[in-house]
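Report on the structure given below.
The values are calculated or read from the model by the stated rules, or taken from the named source; none is laboratory data. What you see is a predicted model, and the numbers here were worked out from it, not measured in a lab. Every residue, glycine among them, receives a Cβ derived from its backbone with ideal geometry; neighbour counts consider all protein chains shown.
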2 protein chains.
Amino acid sequence: MSLASDRAKPRAAEKPTLYKRIRLDIETRILTGEWPPGHRIPFEHQLMARYRCSRMTVNKALSELAQADLIERRRRAGSFVRRPQHMSAVLKIADIRAEITALGRSYGYQLIDCRRRTATSADRARLGVSTAGKVIAIACRHSADDVPFAVEDRLIDLSTVPEAATADFSREPPGSWLLHHVPWTEAEHTISAVVADDRTAKALDIAIGAPCLVIDRYTWRSARTVTAVRLHYPGETHRLVARFKGG
Amino acid sequence: MSLASDRAKPRAAEKPTLYKRIRLDIETRILTGEWPPGHRIPFEHQLMARYRCSRMTVNKALSELAQADLIERRRRAGSFVRRPQHMSAVLKIADIRAEITALGRSYGYQLIDCRRRTATSADRARLGVSTAGKVIAIACRHSADDVPFAVEDRLIDLSTVPEAATADFSREPPGSWLLHHVPWTEAEHTISAVVADDRTAKALDIAIGAPCLVIDRYTWRSARTVTAVRLHYPGETHRLVARFKGG
DNA sequence: CACGATTATATGTCTAGACATATAAGTCAA
DNA sequence: TTGACTTATATGTCTAGACATATAATCGTG
């Protein structure tokens, strides 16, 4: 989650290379609707002929479009415009400590509660696991320049991350510890809005009923759940910025 | 904006190809902190030697890492791990009509207000332009199965999109019209939380003081502002889901 | 020492091939 | 008709080169 930036206008377009031109051409046709969802894009050898270039060049353009989820590539069948014409944006959600330090503010951390237990059924549901192993449940607060920044409520699956049992979360925030000790392969964020309840309001030093941005994050390492975390941010002072570059 | 999905566990890892293995190796070293921010990654020719492959293969791995903002590549200098170790997620924000239809619900649209005017200073500030051209200001509401889904407050810059002057926004929502008529090259979303004011509460049929998720979106076409839009969603029933695949 | 010109080098892009592999489509038999 | 087998084909990955280009580092000069 980055701070609310002053919106800067995008830089002027530079002279594009061939593969970028191919990519932009196709992208434009898709985004204008000239090639609707489901439309089959010309085959690579057709694009080779049209642009007088080698296959690797069109392949690079198409690969990037596929990576951006604008098209879907199927062997033997061809490449197709993907279904809903949605915009996709790269959303950066930083480690909170790194985020605050990057802002040039002093980072503060308070551990509210940390306990190790056998996973309850609620824990298992939250982590999306069926077996009842050990978990660590953590509640803590992050602050910037001694002003509450976010409250965190986290569950760590010890069967995936046994090393976490020996970590000292009174000193280091669990998010930072995990980021430096556990490689993750997949993550999911869910963003919603709520009004602060009694406990959250007190921890964030805001009024009960004030808006809060809530981020739920689930992290996996090769099909095993690593951690589930819920963060409450004061909604009027904090914002998520996501920017997409289409050039 | 996609609906809250039932979190599915990621699929098991498949046998990776060489460039994917290189990418994963480097990614793991970065995410575990073995290669901290600022660390210089081995040069392409060193990786060629280590993995016994051609330069194009390591180049493909490094290019994808650069595209994912995990590393920064500088000519003559090398490739470096980027500074804050943040996670990046692909956030999909669909056209609202497409989103609702994709859910299998019936889409409803009500134009609340639509007026064409010379840009006021507030309009210019919002669009980030300095010259005072014509704009269209639109207020409208989207509903799913006749339940209010989101309210929209939009400004379109007619000097960038003159065709919009002839569009009929009483029939078609402006977001869909723009998506099909104007190619965009860059966009920015800002997500925040507020509590519903009188007008928003009435339009969304929720209580005053209920939480709302707010999305501000700015769209550009090659350095020219296309549109600025603010969407209010009922915060407790709607959520944004962003998922990142790191494999 | 400061500053401009030169050079070395790592990345950026591209080529013209190659073989691998998934799969749509066609073929044939039960 | 249906299922199993075969085949054609588009993409996936890779090679061993090439030239272009930005720039860090070096060298010279005032």
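Quick notes on this structure:
- Count of the range B:192-231 residues, restricted to those that are over 15 Å from the mean Cα position of the chain (by Cα) and of a type in the set (Phe, Trp, Tyr), is 0.
- When A:Pro42, A:Pro16, A:Pro36 are checked against the criterion of being within 14 Å of DNA strand D (Cβ to nearest atom), at pLDDT below 90 and over 30 Å from B:Arg126 (Cβ atoms), A:Pro16 stands alone in meeting it.
- Among residues of the range A:168-200, those that are crowded, with 17+ Cβ neighbours inside 10 Å and either in contact with a Gly (Cβ under 6 Å, 6 or more places away or on another chain) or outside any helix (DSSP H, G or I) (or both), counted: 17
- Residue check for B:Ala203: part of a helix (DSSP H, G or I) and in contact (Cβ under 8 Å) with a residue 40 or more places away in the chain: yes
- Test set (1) away from chain B (no Cβ under 14 Å); (2) touching a helix residue (DSSP H, G or I) at 6+ places or on another chain (Cβ under 6 Å); (3) surrounded by fewer than 21 Cβ atoms within 10 Å (Cβ to Cβ); (4) more than 30 Å from B:Ile208 (Cβ to Cβ) - A:Pro148 fails condition number: (4)
- Cβ pairs under 6 Å, 6+ apart, first in the range B:118-135 and farther than 16 Å from B:Ala223 by Cα, second buried (at least 16 other Cβ atoms within 10 Å of the Cβ) and among the β-branched types (Val, Ile, Thr): B:Ala119/B:Val135; B:Asp123/B:Val135
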